[in-house]
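Accompanying notes for the structure given below.
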Amino acid sequence: MDVEFIKKEFKKIQNYFAAGNYEKVIEKTKVLLKKDNSQVPFYNLIGLSYRQLGKNDLAEDIFRKGLKKFPSNISILSNIGALYRVLGRYEEAEKFLTLALEQNEKSFIALCNLANVKRERNQNDEAIVLYEKAYKINDKNETILKNLAGAYQIGNKFEQSKKLLLEMNAKFPNNASADHMYSSIHTYKENDEHRDAMISKLSNTNITKEGLAFLNFAIGKSYADIKDHSESAKYFIKANDLYFSLLNHYKFSTEKKIFEIIKEHFKNFNFKDLESYTEPNLIFIVGLPRSGTTLTHQIISSHSKVYGAGELTILNDLFNKEIFEEEFLKIFEQNFDGNSNFRKLSNQTYDKFRQFNKKIILDKAPLNFRWIGFIKMLFPLSKIIHCKRNLKDTALSIYKNVFDGGSLPWSYNQDTLVEFIQMYNDLMTFWHQKLPNQIYDCEYENLVSDQINETKKLINFCNLSWEENCIDFTKNDTGIKTVSISQARKPIYKTSVKLSDKYDSSLEFLKKIKD
């Protein structure tokens, strides 16, 4: 065995990995693995590279081979646990990450990954405990500071989050995400030190373009808090333009194609009589983002029989991947209930929801409105609540916010934002025609003006018995992970109704939106 050759090649491979040349990493490391299969880093490098390339089956396979040879290795256990988290296989993720911590209870990577699993399973208190342990081991890691601050926010521990974000700001002044997170839970005044600090930060040449976008969103929010609408609009425009410029590979035409495929697939489809008077197994809250979905989620999940799971990615992960595949669409044919492939898909998808809780699962991923027809086929006992809000107010609220991981790329451009809202409106009209009386329209303006009666209608539609808990939803300790994180902890307020009127002269695109 040529040890010097392996050392030189391994150094090259590390450089390839750092540069993001994952195909080269796999090619070169496989050669080394054949020469010496006793090196743990070889398994990790190949597995991590496959994961970066989206080849998760191959990543799992190589990690499994590594574990067969090194069943107690912390790094492989942590990496396969992190992979299973990404795949939504949470029980397996917990199993391997727990095994890693049994080897070393102070493994920073295993603690962070297990905390991430707990957070995604809505076990936020357990996530905080794990994040805090990791923080004590290394309080100079940007990711752990950000994740712990985020977990505090989810858990309604805003002051603890603010303190940590200020610490993050001091340690990593070029990381503007701390400023943006801080702004989401801070109410600004006329003369505010944090606003001044953010404005001065805009001239920092070390801040990335994404960071500058975060700063502009946060500064825009700060001016909105003091009702300086024209000044806030200037910063929101800068923020959105900056963020949209980062989305080089985004094609709005793909978005449009999805809507076209859905309408074409269902245009001649006649749904069976799906009226049900039993308790549902699943409840879906759908609509545009910022249309009251989080408020509605908090109200319904206050019921003792309902588990509020937040915004699950289960359906979006499935349909965004498969919607363009003709073979997949064929599963949903007229005789779907007698189709073994359909039953298998229905059962597998349902099991993904059930892993969160055994109560009625409430999913509030807004863009599930696209999949309403598929939902009613897969889960005929489910209930669908469509959150509606004044479209101009909704558009303004979308435009004022940045969403995790650029998940709504159409929202950062005024033209695509307007067109997406038009497509949404058209599709919802289509679904109402196809499924009369199967979709409950929950109007935000009615909900905030007549909370008790509108809440009773909601609970009745879900075929649930009335509970007073649903009125005092602020006591609901369900974790909130959306941009509505601070608003949803407050009693119902009406100040956002018709707020878009204040921006008409500053944001011209709002005039193009018709209810």
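The values are calculated or read from the model by the stated rules, or taken from the named source; none is laboratory data. What you are looking at is a predicted structure, and each value in this text was computed from that prediction instead of being measured. In this analysis, Cβ positions are derived from the backbone assuming ideal geometry, glycine residues included, and neighbour counts consider all displayed protein chains.
Suppose we filter Ile26, Ile6 for residues that are of a type in the set (A, V, I, L, M), in a helix (DSSP H, G or I) and modelled with pLDDT under 95; which single one remains? Before you say what the answer is, go through the steps one by one.
Numbers: Ile26 fails: modelled with pLDDT under 95.
One residue alone meets the criteria, Ile6.
With the structure loaded, tell me whether Tyr243 is surrounded by 13 or more Cβ atoms within 10 Å (Cβ to Cβ), in contact (Cβ under 8 Å) with a residue 12 or more places away in the chain, over 23 Å from the mean Cα position of the chain (by Cα) and part of a helix (DSSP H, G or I) or whether it fails that test. No, not satisfied. Looking only at residues in the stretch 191-207 that are outside any helix (DSSP H, G or I) and touching a residue at least 12 places away in the same chain (Cβ under 8 Å), the one that is surrounded by the fewest Cβ atoms within 10 Å (Cβ to Cβ) is Asn206. Quick one: in the stretch 476-501, of everything that is modelled with pLDDT under 65 and outside any loop (DSSP other than H, G, I, E, B), which residue is surrounded by the most Cβ atoms within 10 Å (Cβ to Cβ)? Applying the filter and picking the extreme gives Ala488.
Quick one: which residue in Asn37, Asn79 is out of contact with any Asp or Glu (no Cβ under 9 Å at 6 or more places or on another chain), in contact (Cβ under 8 Å) with a residue 24 or more places away in the chain and assigned to a loop (DSSP other than H, G, I, E, B)? Even if it seems obvious, please write down each step before you answer.
Values: Asn79 fails: assigned to a loop (DSSP other than H, G, I, E, B).
Result: Asn37 is the single residue among Asn37, Asn79 that is out of contact with any Asp or Glu (no Cβ under 9 Å at 6 or more places or on another chain), in contact (Cβ under 8 Å) with a residue 24 or more places away in the chain and assigned to a loop (DSSP other than H, G, I, E, B).
Selection within the stretch 270-324: residues that are of a type in the set (D, E, K, R) and under 28 Å from Asn390 (Cβ atoms). The member of this set that is surrounded by the most Cβ atoms within 10 Å (Cβ to Cβ) is Arg290.
Every residue in the stretch 40-57 that is assigned to a helix (DSSP H, G or I), of a type outside the set (Val, Ile, Thr) and under 19 Å from Ile13 (Cα atoms), please.
Quick first cut of the stretch 40-57, residues assigned to a helix (DSSP H, G or I) only: 40-52, 56-57.
The next check asks that each one be of a type outside the set (Val, Ile, Thr); those that pass are 41-45, 47-52, 56-57.
Correct list: Pro41, Phe42, Tyr43, Asn44, Leu45, Gly47, Leu48, Ser49, Tyr50, Arg51, Gln52.
Scanning the stretch 39-56 for residues being more than 23 Å from the chain's Cα centre (by Cα) and either surrounded by fewer than 20 Cβ atoms within 10 Å (Cβ to Cβ) or farther than 18 Å from Gly88 by Cα (or both) gives a total of 9. Determine if the stretch 100-109 includes at least one residue that is buried (at least 17 other Cβ atoms within 10 Å of the Cβ) and in contact with a strand residue (DSSP E or B) (Cβ under 7 Å, 6 or more places away or on another chain). No, because not a single residue in the stretch 100-109 is buried (at least 17 other Cβ atoms within 10 Å of the Cβ) and in contact with a strand residue (DSSP E or B) (Cβ under 7 Å, 6 or more places away or on another chain). Restricting the stretch 424-446 to residues that are assigned to a helix (DSSP H, G or I) and under 24 Å from the mean Cα position of the chain (by Cα) leaves a set whose member that is surrounded by the most Cβ atoms within 10 Å (Cβ to Cβ) is Tyr444. Scan the stretch 173-183 for residues that are crowded, with 20+ Cβ neighbours inside 10 Å and either under 11 Å from Lys221 (Cβ atoms) or more than 25 Å from the chain's Cα centre (by Cα) (or both) and the total you get is 4. Within the option set Phe332, Phe356, being out of contact with any helix residue (DSSP H, G or I) (no Cβ under 7 Å at 6 or more places or on another chain), in a loop (DSSP other than H, G, I, E, B), of a type in the set (Phe, Trp, Tyr) and surrounded by 15 or more Cβ atoms within 10 Å (Cβ to Cβ) holds for one residue only, Phe356.
Restricting attention to the stretch 75-88, does a residue exist that is surrounded by fewer than 24 Cβ atoms within 10 Å (Cβ to Cβ) and over 27 Å from Thr313 (Cα atoms)? Yes. If you go through the stretch 402-423 and keep only what is outside any helix (DSSP H, G or I) and surrounded by fewer than 22 Cβ atoms within 10 Å (Cβ to Cβ), you end up with Phe403, Ser407, Leu408, Asn413.
Given the conditions (1) hydrophobic (A, V, I, L, M, F, W, C); (2) out of contact with any strand residue (DSSP E or B) (no Cβ under 7 Å at 6 or more places or on another chain); (3) farther than 17 Å from Thr293 by Cα; (4) in contact (Cβ under 8 Å) with a residue 60 or more places away in the chain, and given that Leu345 satisfies all but one, which numbered condition is not satisfied? So Leu345 meets the others, but not (4).
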